[in-house]
Amino acid sequence: MSNMPDMRLDPYPWYASMLETNPVTFSSEFRAFLVFRADDVRKVLSDYQTFSSAIFDGLSLDLPFENQLTGMDPPRHTQIRALATHAFTPKAVLELEPRMNLIVNCLLDEMLAKQESDFVHDFAIPFPITVIAEILGVPDKDRVKFKYWSDVIVRISDRLLSGLSDSLPEHIAAYNEMTDFFRSLLQERRRQPQGDLISRLALAEVEGRQLTDMEASNFCVILMVAGNETTTNLLTNAMRTFAEHPDQWELLRQEPRLIPQAVDEIMRYRTSVQFITRIVKQDGEIGGVKIKAGERVAAFLGAANRDPAKYENPNVFDITRPSGANMTFGHGIHFCLGAPLARLEMTAALKEMIHRVDTFKVPEVAVLEPLNAINLLGLKSLPLQIIGR
Ligand code: HEM
């Protein structure tokens, strides 16, 4: 991906050519080695001693970003991650299903009442925000602020990925507002614990001491940020892709048992997080290319998911493709904590939609605009004309 809008809308022709001709290469635009092949991406993400996640260390960000889970290495990473794993196991997440179905149906009621809707704003944004806010235990009245906070903070990581290590005043203000909000909620829950994740974080102990407010609020921030926009993009990419492939939508409606495969195929075909970054701690090698300590590496999950060495006809969207491991949620010790949740959200949305939506299409006049984010694949809006059943 690069800063060019066409590339952000459709990076796949570039990936196909890089996979064939230049699978590991240095880019001055990214200031990093770019890695495309599935086996090489897996290697980078598996070897955390060589390819460290501490990409924010040493940068003057005016923000405590190095204290975020995604930017930590073991042993700290292992301890902090353990605090929340219970909330995201497939079993724990399944308990949310009835509530999710209700949220999906409410949003669909509103969408189907209109002749034309913007799927991003009417569905793909509010759905994951509502779900994660419920898991954390955030009061209803405070939920609208989240989208703004979460968006701004995702943009900080975008600047970092573009090699800019400074933060803009609006980023700092949004970050401070969000952490202040979580800190006061944490203090409230210490006094009066409830059954939510914020109460658990407020009372959790690591190495014999409670987490500081800053540590616990950082954790809340990462859940908001990692879980919202990524899932919004997954849902949006799904509808964009089905609108382009009405035969696959019809097949899914005829064969709902294909939903788990369809979810995997959507994530493979249009991957929400296109690349993730690591910093090299000790001299190493990827795909025969030597890489020195201190260099940065961008591992392209989006390209790995279209690697012809792993997938037959990788550029074909086919919901009957057998489910299999793809790289959408990363790999290794940082494998996405929210993967079962994101999958269930997509599943809940498809289950209801195949019953309630007959056909839908993007109006011919619509111009699809990509997000202003270099590592995320998604749209600013997705106008849809939907015909209900
Ligand atoms: C389609 C939706 C999602 C996608 C594509 C996605 C993708 C990813 C990827 C690629 C990583 C690995 C980052 C790395 O190795 O540097 C990751 C990590 C993470 N994700 Fe997700 N994610 C999604 C949804 C969620 C949700 C719903 C949550 C929680 C509410 C979540 C929470 C996290 C957390 C906490 C991490 C850090 C794990 C660690 O560092 O150990 N994600 N995600």
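The values are calculated or read from the model by the stated rules, or taken from the named source; none is laboratory data. Every value quoted in this text rests on a predicted model; they were computed, and no experiment measured them. All Cβ positions, even for glycine, are placed from backbone atoms using ideal geometry, and neighbour counts span all protein chains on display.
What the table below lists for this structure:
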item: Wholly enclosed helices (runs of 4 or more DSSP H) of the stretch 166-244 bearing at least 3 residues charged (D, E, K, R) and at pLDDT 85 or above; result: 169-191, 213-244
item: Residue within the stretch 168-181 that is within 16 Å of the ligand (Cβ to nearest atom), more than 24 Å from Gln79 (Cβ to Cβ) and either buried (at least 22 other Cβ atoms within 10 Å of the Cβ) or without any contact (Cβ under 8 Å) to a residue 24 or more places away in the chain (or both) present; result: no
item: In the stretch 253-281, the residues that are within 16 Å of the ligand (Cβ to nearest atom) and polar (S, T, N, Q); result: Thr271, Ser272, Gln274, Thr277
item: Search result, residues across the stretch 360-382 that are within 14 Å of Ser117 (Cβ to Cβ) and not aliphatic (A, V, I, L, M); result: Phe360, Lys361, Pro363, Ser381
item: Failed item in (1) surrounded by fewer than 17 Cβ atoms within 10 Å (Cβ to Cβ); (2) within 10 Å of the ligand (Cβ to nearest atom), with Glu250 passing the rest; result: (2)
item: Set Leu350, Leu341: member being buried (at least 21 other Cβ atoms within 10 Å of the Cβ), within 13 Å of the chain's Cα centre (by Cα) and under 20 Å from Pro128 (Cα atoms); result: Leu341
item: Sole residue being of a type outside the set (Phe, Trp, Tyr), within 14 Å of the chain's Cα centre (by Cα) and more than 10 Å from the ligand (Cβ to nearest atom), chosen from Thr236, Thr231, Thr241, Thr212; result: Thr236
item: Failed item in (1) in a loop (DSSP other than H, G, I, E, B); (2) in contact with an Asp or Glu (Cβ under 9 Å, 6 or more places away or on another chain), with Glu110 passing the rest; result: (1)
item: Leu384 vs. criteria at pLDDT 95 or above, under 29 Å from Glu255 (Cα atoms) and assigned to a strand (DSSP E or B); result: yes
item: Test for Gly284: is it buried (at least 16 other Cβ atoms within 10 Å of the Cβ) and away from the ligand (no atom under 16 Å from the Cβ); result: yes
item: Extreme residue, farthest from Ile266 (Cα to Cα), among residues of the stretch 333-347 that are more than 6 Å from the ligand (Cβ to nearest atom) and in a helix (DSSP H, G or I); result: Ile333
item: Cβ-Cβ under 7 Å pairs, at least 6 apart or on other chains, the stretch 217-242 side over 18 Å from Ala348 (Cα atoms), far side more than 8 Å from the ligand (Cβ to nearest atom) and modelled with pLDDT of 95 or more; result: none
item: Single condition Ala303 does not satisfy, out of (1) part of a helix (DSSP H, G or I); (2) surrounded by fewer than 19 Cβ atoms within 10 Å (Cβ to Cβ); result: (2)
item: Search result, residues across the stretch 71-98 that are over 16 Å from Phe335 (Cβ atoms) and modelled with pLDDT of 90 or more; result: Pro75, Glu97, Pro98
item: Residues that are away from the ligand (no atom under 14 Å from the Cβ) and not in a helix (DSSP H, G or I), drawn from the stretch 118-134; result: Asp118
item: Enumeration of residues in the stretch 112-153 that are more than 25 Å from Leu371 (Cα to Cα) and under 20 Å from the mean Cα position of the chain (by Cα); result: Glu134, Ile135, Leu136
item: Asp213 vs. criteria closer than 28 Å to Asp142 by Cβ, free of Cβ contacts under 8 Å to residues at least 40 places away in the same chain and surrounded by fewer than 24 Cβ atoms within 10 Å (Cβ to Cβ); result: yes
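Residues checked against (1) in contact (Cβ under 8 Å) with a residue 60 or more places away in the chain; (2) in a loop (DSSP other than H, G, I, E, B); (3) under 23 Å from the mean Cα position of the chain (by Cα); (4) more than 21 Å from Glu229 (Cβ to Cβ):
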site	(1), (2), (3), (4)
Leu251	yes, no, no, yes
Ala262	yes, no, yes, yes
Arg268	yes, no, yes, no
Thr271	yes, yes, yes, no
Ile279	yes, no, yes, yes
Glu285	no, no, no, yes
Lys290	no, no, no, yes
Gly294	no, yes, no, yes
Ala299	yes, no, yes, no
